[in-house]
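The values are calculated or read from the model by the stated rules, or taken from the named source; none is laboratory data. This is a predicted model, so every value here is computed, not measured. Here the Cβ positions follow ideal geometry from the backbone for every residue, glycine too, while neighbour counts run over all protein chains shown. Note: accessible area is taken over every heavy atom of the protein model, side chains too, but ligands, DNA and RNA are not part of it. Shrake-Rupley method; radii C 1.70, N 1.55, O 1.52, S 1.80 Å.
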Amino acid sequence: MPVPAALTLEQAAALPEAYLTAYLNLFQLGKLAAGESVLIHAGASGVGTAAIQLARAAGARVAATAGTEEKCERLKALGAELVLNYKTEPLAETVLSWTEGAGVNVVLDPVCATYWNDHVRCMAMDGRLVLIGTLGGSKAEVDFMSVMLRRLQVIGSTLRGLPPKRKSDLTKAFWSFAGEWLERGECLPVIDSVWRPEQINEAHQRMERNENVGKIVLLVP
């Protein structure tokens with residue numbers, strides 16, 4: 001993947017994992033289209049900030065979640081139309097109100113079990129739930145009838161386990177999809193902080209405290 005003219009080397013280093021993950025799951029698997037709505041959890045993460053920008057650039061309406069008011073404001077600045085603080089606001093009710101009862105077409109979910117029932121309630125007919133993590137646990141009681149009656153699709157996904165050929169094809173497809181936006185600076189990787197190798201423990205601690213907005217970058221000589 002080339003380094004886009006509008007990006008610094010640190011920003012370019014944040015592209016592969018975050019942006020390829022967002023592209024794979026929103027567009028190749030989730031089939032997100034212009035005019036549709038998407039709910040992006042962990043919106044302040046590297047993948048979340050990438051997903052918000054790609055979805056907005058593609059013409060989708062974006063809702064996102066974050067855990068502090070400061071992070072919520074940052075996500076609004078990135079283009080999220082609805083940002084809800086998951087610690088203080090009810091997920092399903094807020095999303096349904098935002099969509100006037102229709103529900104969202106796609107959910108990008110790194111949380112999994114914790115939000116299963118909320119997602120079934122707030123997804124649109126023929127909605128696509130893309131599971132990319134299990135931060136909230138991997139087991140939940142499932143009402144399959146609700147999934148069937150609303151024709152919901154539940155899609156499991158991991159990027160790292162893909163074979164090299166699939167990753168190569170994914171990179172080429174992503175560049176064809178978003179390369180012009182990156183070259184023009186319309187989508188910019190969000191860099192939270194840059195660390196040296198001897199600071200790796202501090203960098204991990206910042207991430208574990210969930211303080212970052214965007215990618216934490218490690219500079220390797």
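Yes/no matrix, rows are residues, columns are (1) within 21 Å of residue 23 (Cβ to Cβ); (2) in contact (Cβ under 8 Å) with a residue 24 or more places away in the chain:
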site: 106; (1), (2): yes, yes
site: 142; (1), (2): no, yes
site: 162; (1), (2): yes, no
site: 173; (1), (2): yes, yes
Practice task
Scan the range 209-221 and report the pairs whose first residue is closer than 14 Å to residue 45 by Cβ and whose second residue is of a type outside the set (Gly, Ala, Ser) and open to solvent by 70 Å² or more (accessible area, probe 1.4 Å), with Cβ atoms within less than 7 Å and a gap of 6+ or a chain change.
Solution key: 213/74; 216/207
Practice task
Take the range 109-122 and flag every residue that is within 21 Å of residue 47 (Cα to Cα) and either in contact with a Gly (Cβ under 7 Å, 6 or more places away or on another chain) or not in a strand (DSSP E or B) (or both).
Solution key: 110, 111, 112, 113, 114, 115, 116, 119
